[in-house]
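Taking it in order: structure first as structure tokens, then the write-up.
Rule-based calculations on the coordinates, nothing more; no lab input. No experiment lies behind these values; they were computed from the predicted model shown.
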């Protein structure tokens, strides 16, 4: 990669290409001429008008495309891990002067033709101009200012340098006025000239950087991602292999079907929240997985997810390869017994109602009791917050004060999922909380 001498090297190569081009054009008819790279204000220092073609580097800008590569340069601990490139675009102005009329135009025309026919500074051009990589050319034969440029390593950078004609860039001024402003900055009279851009030079620091050790093994297999996705979880009232019923309630310990796409894999696991669920291979295919919920699964909102795993190498544990979405679904509570304790006065009940559930209740779950009158009853429906009975994992209790004494169908609600009442000939008729003894 190039070093800090690359900017001067590009200027030297362009000047060499222009000098060779003018010599090959056989311009003896206009007399002697020279090719220089002096600042434009020095063109007026000649005692007499001279034939001269001058290429001058007047601006250097950042190359946005290459400057964003190989970043960051340092790790979180501050250690240097890379040497980002200093990527630069070089901007030149090509100017000609003549000892006689039209000589400047002739030199400028031939110079522009040479640059037009040299759209890329090839590695051969660079080595021919600098002589650094050609053993037949000794650096001592080069002019003194060019001897150091042999070390520029410009031919070794993988991005070749392109030379293109440019125009002055200004949002508010025209091209002619913008070019006039450039010459005013040089404190020199305006001369016929052309602007060029050389892009781009990649300068790399030689400072040592800490490199990572090579990767010997990835510790597993490589394969395209399948992107598993769960679209629906539905109850299986008839057990594994039967048709799912989207309208049936999902209960703790019941069978469910997880339907989706790309679910099956050679090594996989099904996660219910943070709990792995054992699934028989016969109940798994790409579009559906049948599984039985644990009997002690708490009611409420649960999340089902499918993980695809790496096949572990000997002595290594399984590792995650990809995961599906976590699909939430409701698990309805199951009420097994109802108990009440309290008194009735003036047709009003004050006391408590305790429900025993067929599964545990989490300490952080939100619970409530829902009361609806039996079919034909006139008492209003209501709901009451409940709490877990101290010392119990499966009983919740609600305190009542001054509610209408009547028989109610009572349901448990846990994290928004309500238990199912029993359906009789006249409507929902159980489980019953008798608040009118």
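Quick check: from the Cα gyration tensor, does region 335-434 come out rounded (a/c under 1.5), prolate or oblate? Can you show the working numbers first?
Values: a/c = 2.03, a/b = 1.28, b/c = 1.58.
Here region 335-434 falls in the oblate category.
As I understand it, the value is the acute angle between the Cα axis of helix 175-185 and the longest principal axis of the Cα atoms of the chain; what does it come to in degrees, rounded to 10?
Taking the Cα atoms of the chain, the angle to 175-185 is about 70 degrees.
Grab the DSSP H runs of the chain that are 4 residues or longer, score each as -39,500 (n - 2.57), total them, divide by all residues and round the 222 nm result to the nearest 500 deg cm²/dmol. Can you show the working numbers first?
Working: 6 runs with 60 residues, N = 437.
Result for the chain: -4000 deg cm²/dmol, rounded to the nearest 500.
On average over all directions, what projected area in square nanometres does region 229-331 have, based on the convex hull of its Cα atoms?
6.5
So what's the angle, to the nearest 10 degrees on a 0 to 90 scale, between helix 6-24 and the longest Cα principal axis of the chain?
The two axes meet at around 40 degrees.
Would you kindly calculate the translational diffusion coefficient of region 1-116, applying Stokes-Einstein with the Kirkwood radius from alpha carbon pairs, for 20 °C and a viscosity of 1.002 mPa s, and quote it in µm² s⁻¹ without decimals? The partial results should precede the final answer.
On the way: Rh = 16.6 Å.
D, rounded to a whole number, is 129 µm²/s.
Please compute, over every Cα-Cα pair in region 378-431, the percentage with a separation greater than 14 angstrom.
64
Just need log10 I(q)/I(0) for region 272-342 at q = 0.14 Å⁻¹, Debye formula, equal scatterers on the alpha-carbon atoms, no solvent, rounded to two decimals.
With no solvent term, the Cα-only Debye profile gives -0.61.
Would you mind pulling out the separation of the Cα centroids of region 1-66 and region 242-305, in Å?
77
Given q = 0.07, 0.10, 0.11, 0.13 Å⁻¹, what are the Debye log10 I(q)/I(0) values for the chain, with equal point scatterers placed on the Cα positions and solvent ignored?
Log10 of I(q)/I(0), two decimals: -0.64, -0.83, -0.93, -1.12.
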